[in-house]
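**Q** Sharing a structure here in structure tokens format.
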Amino acid sequence: MRQSTTDASKFPAPASRKAAGVEPVDPEVLGFRSQFDARSPLDELVRAGAQKMLQAAINAEVEEFIDQHAQRRDEQGRRLVVRNGHLPSRELLTGAGRLDVQQPRVRDNSPDKDDRVHFSPSVLPTYLRKSPAIEELIPWLYLKGISTGDFGEALQALVGEKAKGLSPNVIVRLKEQWSDEYAAWMKRDLSEKQYVYLWADGIHVKVRLEDEANQKQCMLVLMGATAEGYKELIAVLDGYRESEESWKELLLGLKQRGLKIEPQLAVADGALGFWAAIRKVFCAVREQRCWVHKTANVLNNMPRSVQPKAKADIHEIWQAETREAANQAFDHFLEKYGAKYPAACECLKKDRDVLLTFYDFPAEHWVHLRTTNPIESTFATIRLRHKRTKGSGTRRTSLAMMFKLAQSAEKRWRRLNGHQQIVHLLAGRTFKNGTLQNAA
């Protein structure tokens, strides 16, 4: 029998560990962990280089600040703004690992305290302990199923041993902070905002309520496209279902916070609550049904053997280059499947007009307007999180995490194709089959 090469003196015998109230640790587990504790030479080189670059950037910013105030001198001609040693070193958690940096101390010796200038480096804000990239990583890890107590181990391979600064208590405080940020964001002023398009959808997740059994939570999500063509998250409000009252509360809240100009077009699925609410709050907005949701609803009324062909026929409708061609493909679908699958055809036919609204808008925008994918693709991970963890997490935590996830994702949202066409929409010009019509 092969003898273990592990030094037994480092690990008490199982009986003694149990007597001390400590569970024995498998040496193989410790060996596996040690692979992450030990940083490779390449990791150390990257960390050292990042630390030198950060320190050099801080020193350069200090020198620039002192040069900007070189004219501040006393009666003897001596500079008032000078370097005066260093502040205590600070440990910063970044994607390159833990970096130890020292900020030079800058002193203004002006006798007038109210006239003194103060230095704060832009690259290293006061009290910063972790880079924004690390904070963005936390909600993503949470949505992938990592629990509060496991963040340290999950990040160990990325930022170094034990991932200092990301203890369970720190994660809990961050989530509380994000909840407060969400509450302030939902009260922000919108008087300077104008949204040309809206996308609306209800995200259903299972949560653990404080005083009730697990229930489904419905998060009402609203996104918009600005006059410059940039996509923004407008609002996230939680409820229990996509009712007219819930959507009306959200939309009226936008008006109360200053959103005065009505959008040109709203894109959503067939949820009756949203459409009933928006017709009352924004009377002039035009309606576009989501083709992805509609396709799924139609195919649900057909046998699986027919679905691939039927799906291809539906694609022929909304991918047609003109409204006339789309109507022909529409009639072909109804004629082809109407006799055998009347429920499927009725599901498609009842929203015919609002499924083809996008033809009255710039062709460059069609890829953005035919579906609610801007919302679906962003928030799909939160559904995965709650599916994996069987509904763990409270309503407040779900809202905070969705808010932070959206803030992170918003930086990468694609600008509208052909955003230059928006100026024509705002000027009241008309489009036919995606082409701008000559003014009368």
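The values are calculated or read from the model by the stated rules, or taken from the named source; none is laboratory data. Just so it is clear, the model here is predicted, and its values are computed rather than measured. As a convention, Cβ positions derive from the backbone with ideal geometry for all residues, glycine included, and neighbour counts pool all protein chains shown. Protein only, heavy atoms only, side chains kept; ligands, DNA and RNA dropped before computing areas. Shrake-Rupley method; radii C 1.70, N 1.55, O 1.52, S 1.80 Å.
**Q** For the stretch 69-80, name all the residues that are open to solvent by less than 40 Å² (accessible area, probe 1.4 Å) and basic (Lys, Arg).
**A** If the condition is that a residue be open to solvent by less than 40 Å² (accessible area, probe 1.4 Å) and basic (Lys, Arg), then no residue fits.
**Q** Checking residue 295 against (1) surrounded by fewer than 14 Cβ atoms within 10 Å (Cβ to Cβ); (2) under 23 Å from residue 198 (Cα atoms), only one condition comes out false. Which one?
**A** Of everything listed in (1) surrounded by fewer than 14 Cβ atoms within 10 Å (Cβ to Cβ); (2) under 23 Å from residue 198 (Cα atoms), residue 295 misses just condition (1).
**Q** Hey, can you tell me all the residues within the stretch 314-329 that are surrounded by 13 or more Cβ atoms within 10 Å (Cβ to Cβ), of a type outside the set (Val, Ile, Thr) and in contact (Cβ under 8 Å) with a residue 24 or more places away in the chain?
**A** 318, 323, 326, 327
**Q** Based on this model, can you work out whether residue 341 counts as hydroxyl-bearing (Ser, Thr, Tyr), at pLDDT 95 or above and open to solvent by less than 20 Å² (accessible area, probe 1.4 Å)?
**A** Here the answer is no, as residue 341 does not meet what is asked.
**Q** Taking the options 83, 107, name whichever one is under 18 Å from residue 55 (Cα atoms), at pLDDT 80 or above and open to solvent by 90 Å² or more (accessible area, probe 1.4 Å).
**A** Selected residue: 83, the only one of 83, 107 that is under 18 Å from residue 55 (Cα atoms), at pLDDT 80 or above and open to solvent by 90 Å² or more (accessible area, probe 1.4 Å).
**Q** Could I ask something else about it? List the number of the failed condition for residue 388; all other conditions in (1) farther than 17 Å from residue 238 by Cα; (2) modelled with pLDDT under 70; (3) open to solvent by less than 70 Å² (accessible area, probe 1.4 Å) hold.
**A** Every condition holds for residue 388 apart from (3).
**Q** From the list 227, 235, which one is modelled with pLDDT of 90 or more and crowded, with 17+ Cβ neighbours inside 10 Å?
**A** Sole residue among the options that is modelled with pLDDT of 90 or more and crowded, with 17+ Cβ neighbours inside 10 Å: 235.
**Q** Further, regarding this structure: Filter the stretch 349-376 down to residues that are acidic (Asp, Glu) and open to solvent by 40 Å² or more (accessible area, probe 1.4 Å) and give me whichever is farthest from the chain's Cα centre (by Cα).
**A** Checking each candidate, the answer is 353.
**Q** Further question on the same structure: Suppose we keep only residues that are closer than 20 Å to residue 237 by Cβ and of a type outside the set (A, V, I, L, M, F, W, C) within the stretch 271-292. Which one would you say is modelled with the lowest pLDDT?
**A** 273
**Q** Follow-up. Would you please list the contacts, defined by Cβ atoms under 9 Å and residues six or more apart or on different chains, that run from a residue in the stretch 417-438 that is in contact (Cβ under 8 Å) with a residue 60 or more places away in the chain and of a type in the set (Ser, Thr, Tyr) to a residue that is surrounded by 15 or more Cβ atoms within 10 Å (Cβ to Cβ) and part of a loop (DSSP other than H, G, I, E, B)?
**A** 435/362
**Q** On to the next question. Identify all residues within the stretch 246-281 that are touching a residue at least 24 places away in the same chain (Cβ under 8 Å), open to solvent by 30 Å² or more (accessible area, probe 1.4 Å) and in contact with a Leu (Cβ under 8 Å, 6 or more places away or on another chain); write none if there are none.
**A** 257, 264
**Q** Same structure, new question: Report whether or not residue 45 is open to solvent by 50 Å² or more (accessible area, probe 1.4 Å), over 26 Å from residue 113 (Cα atoms), at pLDDT below 75 and assigned to a helix (DSSP H, G or I).
**A** yes
**Q** Another question, then. Restricting to helices (runs of 4 or more DSSP H) lying wholly in the stretch 244-354: which have 3 or more residues that are among the charged types (D, E, K, R)?
**A** 244-256, 307-318, 323-337
**Q** Follow-up question, since we're still on this one. Return the residue satisfying two criteria in turn: it lies in the stretch 117-128 and is more than 12 Å from residue 82 (Cα to Cα) and not hydroxyl-bearing (Ser, Thr, Tyr), and of such residues it is modelled with the lowest pLDDT.
**A** 128
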